[in-house]
Each structure stands twice: as C-alpha cells, then as structure tokens.
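Participant: Quick one: this structure, given as structure tokens, is what I'll be asking you about.
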Amino acid sequence: MRREIELLNDERSEPEQAGSARPPLTQSRSDEDLLDAYSRAVITAAEKVSPSVVYIEVHQPAKSRRGNTPQEARGSGSGFIFTPDGFILTNSHVVHGAKRIEVTVADGRKYEAELIGDDPDTDLAVVRINAPNLVPAYLGESQKIRVGQLVVAIGNPFGFQYSVTAGVVSALGRSLRAQSGRLMDAVIQTDAALNPGNSGGPLVNSRGEVIGVNTAMILPAQGISFATSIDTAKFVASRLIRDGRVSRSYIGLAGQNVPLPRRIVRYYNLAVESGIFVVSFEGNSPARNAGVREGDIIVGLDDQPTSGIDDLHKLLTEERIGHKSSLLVIRGTEKLALEVIPEESQSGNR
C-alpha cells in the first residue's frame, strides 16, 4: 500500500513538473532565432556605418570672466562622412561660431576641419577634411521610413567614441523648434538613446542607410529623441557646399500670433482664424516699404493663408527673393492686399 501511494504521488507530480519546466525546444529555438535576427540587423548596420562616423572637437573663442584670464571653451559632437573627398554632415549647434574644428576618423587619424557652412534654421552644418581613404556613408530616403522600423544611432556621447544604440521609429512628421527660432518640419522621433555628444551622428536603418541626422533629445524624458530627416539634410548640404549658406527670403518685421475677431473671419470668409500682429519693423525693411503698419494683422501671402509666424516662415523661400508678392493684411476692419518684394534673409530674420 505504501508503495502504491508513492507511485500515485509520482504520477500527480509529473504534470506539475512538466508545467514548471522550460518551454518546448521548438519555442526556445524560435526565440533564439528572433534574437539573433535582431542582433544581426544591429551589428550589420553598425559595422557598415561606423567607418564613416567621426568625432568632432570644437574650440570656441576665448571669453574673459571679470578679470580672470580668458578661457577657451571646448565642445564635442558627432558627424559622418558622406562623400569620398571629405565632406562631413553634423549639427549647426556643434560647430557654429567655432574658432577651430578637429575631426577624428574611425581609425584614429585626426585632422583639422574647415567649416563649409552651417544653417541654424535646420540645425545642420557641413565641414570638410583633407584625408585619404575615407569611407562615405550611404544616404537613404526619407520617403521609405516607416513607424516601428528598427533604427540604429551611432555617435560619441560624453566623449565615448563610436557608441551604438538601437530602437525604433516612434513617429514621423514631428516639428521641432531650432535655436534660431524657426520651426523644423519632417523631424523623425525615435526611442534610440541619445545623449550630449550624439549630436550630428547618423541615424541608420537595418541596411546601414543613413535616414536622419541625430539632433536633440528631451530632458529629463527617456526614450524621446529626434533626428532631422535625410531628405532635408541632402537639400541643405547641397546648398551649403554650393553657396556656404541656405538662402531664404524675409520681409523684415517682428510680430506675434493673435486670434482674429470672429466677425472679421466670417465677413471676409477668411481661411484662418488667427494671424500675425505686426509689432515692429527693421529699418528699411521690405514690409515697411510695402506700406505695412504696426498693428496690422497678416493673414496671407500670395493666396496662401498664414495663421501664424511659422506659416509665414515656410512661405518665405529662396524663390521669392526679389519677386513681387501680395501680402494680405487686416487693418482695423479693412482687408488690404499690399505689394511686397522680399529680400534675402540673414539667419533669424522673417
């Protein structure tokens, strides 16, 4: 009888032991294969792009502090080679106003770099080094990016060179305010970890194609980082290489966004419910010459509605420089169309 009880206990314990055992071998192998596929994708992307990633050290002009000896400020960031003859993309805020720029390539060689141009409005810059045997990164296309796809960020956070982080595309089409005040559109949001020093490094897909330029993160939030889309970077880089700057038009005024009275919107059948309240002008500005007055509210440019300053910025493109445009304003209860000729902008003007 005692032996039978022991056998019954053994039988009852078998399903319990089976339930607490490891998953079946087929499931375990599937998990391992999945992990290997993810690892292989990150490794492949990192190995393909890392030879193109550079470490950028910046020396800023010395500044004196209340009688103390002037101290030269230093900073660092990331960038990546995108042509065989040494052109490098990075962020404007990394190199803007630099006295001297040094670039260290993947094999440890260090070179003095020349600033070709920077564009604070998109936070992009191009520098160049004269060096042999450079490996350019392959530039992808923004149109092919999908939310949820794997992305890899490579850079030099806190000086830890060639650090690799991975994540996914969290969202597309974000807008981000540049240090110049303009709004950057078509920004990629990702959860790949970025830290100070990652700025200017590449954001790449699983094929090792650069799809963005890492530019910012939100502190103290975790897993919210941003990159300028590669299509924007291609356009800006081409202009910087050609002209040393990105040309935009401006009309020379300062304003603020304000709501429009409902009766004005209905009476004139306006496409917007807010506009730009004109506060002041630059000296001999196109807007002043066009007859715009302080207190006017701008609601359109060439039949395009402008509900705020960001809308006006988007419309003031290079193509409008020197060409007549119709500026639609509300003055009191009147709607006026004023003829304005935009001029070439210095960074930060509108």
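Participant: I need the full set of residues from segment 209-225 which are over 11 Å from V152 (Cα atoms) and assigned to a loop (DSSP other than H, G, I, E, B), in order please.
Facilitator: Hits for segment 209-225 are I218, L219, P220, A221, Q222, G223, I224.
Participant: Only one of these is out of contact with any Leu (no Cβ under 7 Å at 6 or more places or on another chain) and under 24 Å from S76 (Cα atoms): V164, V126, V169, V151. Name it. Reasoning before the result, please.
Facilitator: Numbers: V126 fails: out of contact with any Leu (no Cβ under 7 Å at 6 or more places or on another chain); V169 fails: under 24 Å from S76 (Cα atoms); V151 fails: out of contact with any Leu (no Cβ under 7 Å at 6 or more places or on another chain).
Of the residues listed, the single one that is out of contact with any Leu (no Cβ under 7 Å at 6 or more places or on another chain) and under 24 Å from S76 (Cα atoms) is V164.
Participant: I'd like the full set of residues that are more than 23 Å from H323 (Cα to Cα) and of a type in the set (D, E), limited to segment 259-298.
Facilitator: E273, E294, listed by residue number.
Participant: If you don't mind, another one. Among L115, L150, which is touching a residue at least 12 places away in the same chain (Cβ under 8 Å), more than 27 Å from R207 (Cα to Cα), open to solvent by 30 Å² or more (accessible area, probe 1.4 Å) and in contact with a strand residue (DSSP E or B) (Cβ under 8 Å, 6 or more places away or on another chain)? Can you show your working first?
Facilitator: On the way: L150 fails: more than 27 Å from R207 (Cα to Cα).
Exactly one of L115, L150 is touching a residue at least 12 places away in the same chain (Cβ under 8 Å), more than 27 Å from R207 (Cα to Cα), open to solvent by 30 Å² or more (accessible area, probe 1.4 Å) and in contact with a strand residue (DSSP E or B) (Cβ under 8 Å, 6 or more places away or on another chain), namely L115.
Participant: Is it the case, given these coordinates, that L194 is touching a residue at least 12 places away in the same chain (Cβ under 8 Å), part of a strand (DSSP E or B) and under 30 Å from H313 (Cβ atoms)?
Facilitator: On the way: touching a residue at least 12 places away in the same chain (Cβ under 8 Å): yes; part of a strand (DSSP E or B): no; under 30 Å from H313 (Cβ atoms): yes.
No; evaluated as a whole, the condition is false for this residue.
Participant: Tell me, which strands (runs of 3 or more DSSP E) lie completely within segment 248-328 with 2 or more residues that are among the hydrophobic types (A, V, I, L, M, F, W, C) and open to solvent by less than 10 Å² (accessible area, probe 1.4 Å)? Step through it out loud before you land on a result.
Facilitator: Numbers: elements: 253-259, 274-281, 297-301.
Here the list reads 274-281, 297-301.
Participant: So how many residues does segment 212-238 have that are within 19 Å of S142 (Cα to Cα) and without any contact (Cβ under 8 Å) to a residue 12 or more places away in the chain?
Facilitator: Number of matching residues: 2.
Participant: Here's something else I'd like to know. Starting from segment 154-181, keep only residues that are in contact (Cβ under 8 Å) with a residue 24 or more places away in the chain, then list their pairs with residues that are of a type in the set (D, E) and open to solvent by less than 30 Å² (accessible area, probe 1.4 Å) whose Cβ atoms are within a distance under 6 Å, requiring at least 6 positions of separation or different chains.
Facilitator: A178/D121; A178/D123; S180/D121
Participant: Right, next: Among the residues of segment 46-64, is there at least one that is under 28 Å from I230 (Cα atoms), open to solvent by 50 Å² or more (accessible area, probe 1.4 Å), modelled with pLDDT of 85 or more and charged (D, E, K, R)?
Facilitator: yes
Participant: Follow-up. From K110, K99, grab the single residue that is surrounded by fewer than 19 Cβ atoms within 10 Å (Cβ to Cβ) and within 18 Å of G159 (Cα to Cα).
Facilitator: On the way: K99 fails: within 18 Å of G159 (Cα to Cα).
So the residue among K110, K99 that is surrounded by fewer than 19 Cβ atoms within 10 Å (Cβ to Cβ) and within 18 Å of G159 (Cα to Cα) is K110.
Participant: While we're looking at this one, here's another question. I'm trying to understand the selection: among the residues of segment 329-347, which are assigned to a strand (DSSP E or B) and in contact with a Gly (Cβ under 7 Å, 6 or more places away or on another chain)? Reasoning before the result, please.
Facilitator: From segment 329-347, those assigned to a strand (DSSP E or B) are 329-331, 334-340, 343-344; that's our starting set.
Hits for segment 329-347 are I330, L338.
Participant: Look at V126 and say whether it is among the β-branched types (V, I, T), within 19 Å of S180 (Cβ to Cβ) and not in a loop (DSSP other than H, G, I, E, B). It would help to see each step written out before you state the result.
Facilitator: Values: among the β-branched types (V, I, T): yes; within 19 Å of S180 (Cβ to Cβ): yes; not in a loop (DSSP other than H, G, I, E, B): yes.
It is true that V126 is among the β-branched types (V, I, T), within 19 Å of S180 (Cβ to Cβ) and not in a loop (DSSP other than H, G, I, E, B).
Participant: Now, a different point. S199: in contact with a strand residue (DSSP E or B) (Cβ under 7 Å, 6 or more places away or on another chain) and exposed (fewer than 15 other Cβ atoms within 10 Å of the Cβ), yes or no? Walk me through how you get there before you give the answer.
Facilitator: Values: in contact with a strand residue (DSSP E or B) (Cβ under 7 Å, 6 or more places away or on another chain): yes; exposed (fewer than 15 other Cβ atoms within 10 Å of the Cβ): no.
So S199 does not fit the description; no.
Participant: Being touching a Leu at 6+ places or on another chain (Cβ under 9 Å), part of a loop (DSSP other than H, G, I, E, B) and open to solvent by 20 Å² or more (accessible area, probe 1.4 Å) is true for just one of S206, S180. Which residue is that?
Facilitator: Details: S180 fails: touching a Leu at 6+ places or on another chain (Cβ under 9 Å).
Matching residue, one of S206, S180: S206.
The values are calculated or read from the model by the stated rules, or taken from the named source; none is laboratory data. Predicted model, so just to flag it, every value in this text is computed and none were measured. A quick note on method: Cβ atoms are made from the backbone with ideal geometry, for glycine too, and the neighbour counts reach across all protein chains shown. Just the protein is used for accessible areas: all its heavy atoms, side chains included, with ligands, DNA and RNA removed. Shrake-Rupley method; radii C 1.70, N 1.55, O 1.52, S 1.80 Å.
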